[in-house]
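In what follows, a single structure is set out as structure tokens and then discussed.
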Amino acid sequence: MSVVLDRLRERFPAEVVSTHSDFGDDTALVRRERIVELLTFLRDDPETLFDFAMDLTGVDYLGEEPRFEVVYHLYSLEKKHRVRIKVRLHEDDPVIDSAVSVWPGIDWYEREAWDMYGIVFRGHPNLKRILLYEGFEGHPLRKDYPKAKRQPTIGPQE
Amino acid sequence: MNHGKDGAPGYALTTLESLVNWGRKYSLYPFTFATACCGIEVMGAFGTHYDLSRFGAEVVRFSPRQADVLLVAGTINYKMAPVLKRIYDQMLEPKWVISMGACACSGGFYNNYTVLQGIDKILPVDVYIPGCPPNPEGIIDAVVRIQKILETGAPRAADRWPIK
Amino acid sequence: MAEPFHIARAGEAPDLQAEPMLLNIGPSHPATHATLRFHAKLDGETILDLEPEFGYLHRGFEKESEASTWTQVIPYTDRLNYVSPLMNNVGYAMAVEKLCGIEITERCKYIRVIISELSRIIDHMVCIGTNMVDLGALTNFWYFWKPREEVYKLIEELCGQRLTTAYTRIGGVMADLPEGWTDRLLAVCRGVIPDSIADVNALLTKNRIFIERTMGIGPVTAKDAIALGFTGPCLRAAGVPFDLRKDQPYLVYDRFDFDVPVGEAGDTCDRYMVRMEEMRQSLRIIEQAVAQLPGGPVNIDDPRFVLPPKAAVYENIEALMNHFKHIMEGIKVPAGEVYSATEAANGELGFYIVSKGGGGPYKIKVRPPCFPLFQGIPHLVKGQMIADLIAVLGSVNIIAGELDR
């Protein structure tokens, strides 16, 4: 099996809900409770050494409960392996701890997830809209947001 | 002064005005408001292969106060639209607008919450260039059309649509 | 911190301390490649703090892809990094093929490598050309635009469009190479492209003004670059030899002999040097790929993913129904999720695709290489001057189509 998933299961047996390696990608579905500790472990442990946070995104599984999912993609420069960490969040409580303290580069990815999905990252230094403008209503990548909804055109911004 | 009057019958331009128009049309100063992929084709049009400077529109001015043709190339979304309107308002009369590419003409194939479905929702447009992206030859064609508008004294889009 | 403006009284020396100035380097600015905005806090010309803002080209790629079939997403991917669109097509097609579990033909792999390297060359040409325009060296822009036009002629012959190509398909490519295309390609790769690289090199590399303006400007250490998530030439300029073509080879990159240039200081000069050398290495790869190009079919022979040949569609009812289903409903991709990354010209271009087994994707997330680079710009220019910001911004090669998606 995979070294990364084994180490993860060994160290955080209560948090890891399930793992799989479909299509060649190691994936672990974890709980949100100790997420920062888990990510720090993945960054620092000599077997895994994930020093790159490649991507963070949200997914909206409308109709399933819990509805939202936060997906982290990590890469290790030295070991040359990747892992995907997924966390499920409920619709009425889409809050998760921010991973900015682990990798400073993940800052804007979290802002984008907030902007597009409405997922709140606790402890983020600057959780504002990033791709859309202040004054935009709603979180457009949610499945219940209609694609061709028109926004009011705003005047020149300062 | 001899210039081709292929214009509409009934138009009588005074000699002074036709002289001024002759000067204007061969020294159009474009303001390239290039946001996306069409911007690369604009750069190609100003490049050595297609060479827009043959038609006089060589001097590209990046300040709206100094330009007279606004060449909007690329997708305009709701965040950028106020910026574009402000730039248009800052330009001095007489001014013309060229809308380049499918996204600027009508939103292109982006029909969603963030893309303005055509800049003619906020600006009066004189010439539309279809294409995604259009060839640099299309840009040359549009500039020549603006020159023809100047030559014949046809009313500009801004005169037809009072969009303020 | 800084005191407000203080009026000198009689007998006192005038105190010229002032508040830091807030300058908006606005979204419509020639040197910000349009659509990028900075809120700069300045003390004279020195940048104290910088807050970048973008999103002025956000076109809703993800929302549009959720409403399209798998093949209809390909034109949307062109417009991501619009100076090297073929690479985005290749990246997306590879991701979906990984999800479907199909293995493309050898000839197709070689063709994809050739077009990727060609796109890398034209991307670096735009980056260096426009970067130099911002610094005032306009000639290089013209020098690099001529080979771009020659490459555009080749690409137009290949797929009918100069810029937004939509060339790859799931399971192959749109059409095979035209007659004699490889000869014309080699003529360009041995003629115009190396000549222009040599010309620009002669103009810039030993030029005193260029060195003063770029050496030591916007440096980044390897540790900071990794923490910020940099990939691509900017990371390699900082001294980290991370290249996906060597570390996790995809397509047939492991069969070619090429080097990965690595810099030292991570400043603007190093980024320029890394890009110039990468162009030369790409030419090497293209030569080897064309020499090794095998014959054979270019699309896989699987009616679930590839359109049937047109002659059969007109004669055979099954082929007609197959064609109809492909176009109207889209190909059926199995359910699951996959992340696939390629080494684009700017860094790691990743596609994270979630499929629920339908004719179109459930979600596609593009991991743009420019995103962490733009995030790291304040870190690179803090304490330097505005003119340095312009130099750094050009060298980091932010393509708004990719950044905003």
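The values are calculated or read from the model by the stated rules, or taken from the named source; none is laboratory data. On a predicted model such as this, the values are computed, not experimentally measured, just so you know. Heads up, the Cβs are rebuilt from the backbone with ideal geometry, glycines too, and the neighbour counts pull from every protein chain shown.
Values as computed for the structure displayed
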item	result
Odd one out for C:Y339, checked against (1) under 30 Å from C:F258 (Cα atoms); (2) without any contact (Cβ under 8 Å) to a residue 24 or more places away in the chain; (3) among the aromatic types (F, W, Y)	(2)
C:E315, sole failed condition from (1) surrounded by fewer than 20 Cβ atoms within 10 Å (Cβ to Cβ); (2) within 13 Å of chain A (Cβ to nearest Cβ)	(2)
Search result, residues across segment B:62-87 that are more than 10 Å from chain C (Cβ to nearest Cβ), under 18 Å from B:V143 (Cα atoms) and not acidic (D, E)	B:Q66, B:A67, B:V69, B:L70, B:L71, B:V72
Complete set of residues in segment A:30-49 that are part of a loop (DSSP other than H, G, I, E, B) and touching a residue at least 40 places away in the same chain (Cβ under 8 Å)	A:R31, A:R32, A:E47, A:T48
Residue selected from segment A:92-125 under the condition over 23 Å from A:D144 (Cβ atoms) and of a type in the set (G, A, S), by the criterion surrounded by the most Cβ atoms within 10 Å (Cβ to Cβ)	A:A99
Residue within segment C:325-340 that is of a type in the set (V, I, T), away from every other protein chain (no Cβ under 13 Å) and more than 16 Å from C:N89 (Cα to Cα) present	yes
Answer from A:E47, A:E64, A:E33 - the residue that is over 11 Å from the mean Cα position of the chain (by Cα), modelled with pLDDT under 90 and within 14 Å of another protein chain (Cβ to nearest Cβ)	A:E64
Neighbours by Cβ (under 9 Å, 6+ apart or cross-chain): first from segment C:357-377, within 13 Å of C:N397 (Cβ to Cβ) and more than 8 Å from chain A (Cβ to nearest Cβ); second part of a loop (DSSP other than H, G, I, E, B) and of a type in the set (S, T, Y)	C:P369/C:T231; C:L373/C:T231
Single unsatisfied condition, A:Y75 versus (1) among the hydroxyl-bearing types (S, T, Y); (2) within 14 Å of another protein chain (Cβ to nearest Cβ); (3) surrounded by fewer than 19 Cβ atoms within 10 Å (Cβ to Cβ); (4) in contact (Cβ under 8 Å) with a residue 12 or more places away in the chain	(3)
Extreme residue, surrounded by the fewest Cβ atoms within 10 Å (Cβ to Cβ), among residues of segment C:31-59 that are within 14 Å of chain B (Cβ to nearest Cβ) and free of Cβ contacts under 8 Å to residues at least 60 places away in the same chain	C:E53
Checklist (1) touching a residue at least 60 places away in the same chain (Cβ under 8 Å); (2) among the polar types (S, T, N, Q); (3) crowded, with 19+ Cβ neighbours inside 10 Å applied to A:T27, failing item	(1)
In segment A:95-109, the residues that are touching a Lys or Arg at 6+ places or on another chain (Cβ under 8 Å) and in a loop (DSSP other than H, G, I, E, B)	A:S98, A:V102, A:W103
Extreme residue, farthest from A:L8 (Cα to Cα), among residues of segment A:78-109 that are hydrophobic (A, V, I, L, M, F, W, C) and away from every other protein chain (no Cβ under 13 Å)	A:V95
Residue within segment C:227-240 that is under 16 Å from C:A344 (Cβ atoms), among the aromatic types (F, W, Y), surrounded by 20 or more Cβ atoms within 10 Å (Cβ to Cβ) and touching a residue at least 24 places away in the same chain (Cβ under 8 Å) present	yes
Set A:E112, A:E69: member being among the acidic types (D, E), in a strand (DSSP E or B), within 10 Å of chain C (Cβ to nearest Cβ) and without any contact (Cβ under 8 Å) to a residue 60 or more places away in the chain	A:E69
Check on C:T165, farther than 30 Å from C:D254 by Cβ, at pLDDT below 90, in contact with a Leu (Cβ under 8 Å, 6 or more places away or on another chain) and within 13 Å of chain B (Cβ to nearest Cβ)	no
Hey, C:P249 closer than 30 Å to C:I170 by Cα and surrounded by fewer than 17 Cβ atoms within 10 Å (Cβ to Cβ) or not	yes
Residue within segment C:81-103 that is part of a helix (DSSP H, G or I), within 10 Å of chain B (Cβ to nearest Cβ), free of Cβ contacts under 8 Å to residues at least 24 places away in the same chain and not β-branched (V, I, T) present	no
Residue within segment C:189-198 that is more than 30 Å from A:Y75 (Cα to Cα), among the β-branched types (V, I, T) and within 14 Å of another protein chain (Cβ to nearest Cβ) present	yes
Tabulated pairs, segment B:103-121, first at the interface with chain C (Cβ under 10 Å from one of its Cβ atoms) and surrounded by fewer than 20 Cβ atoms within 10 Å (Cβ to Cβ), second in a loop (DSSP other than H, G, I, E, B) and of a type in the set (G, A, S), C-beta under 6 angstrom, 6+ apart or interchain	B:N111/A:A148
Cross-chain or 6+ apart pairs with Cβ under 6 Å, segment A:130-145 first and touching a residue at least 24 places away in the same chain (Cβ under 8 Å), then among the basic types (K, R) and part of a loop (DSSP other than H, G, I, E, B)	A:Y133/B:K79
In segment B:38-68, residue farthest from B:G107 (Cα to Cα) [restricted to those that are among the charged types (D, E, K, R) and loosely packed, with under 15 Cβ neighbours inside 10 Å]	B:R54
So B:L71, is it hydrophobic (A, V, I, L, M, F, W, C), buried (at least 24 other Cβ atoms within 10 Å of the Cβ) and touching a Pro at 6+ places or on another chain (Cβ under 9 Å)	yes
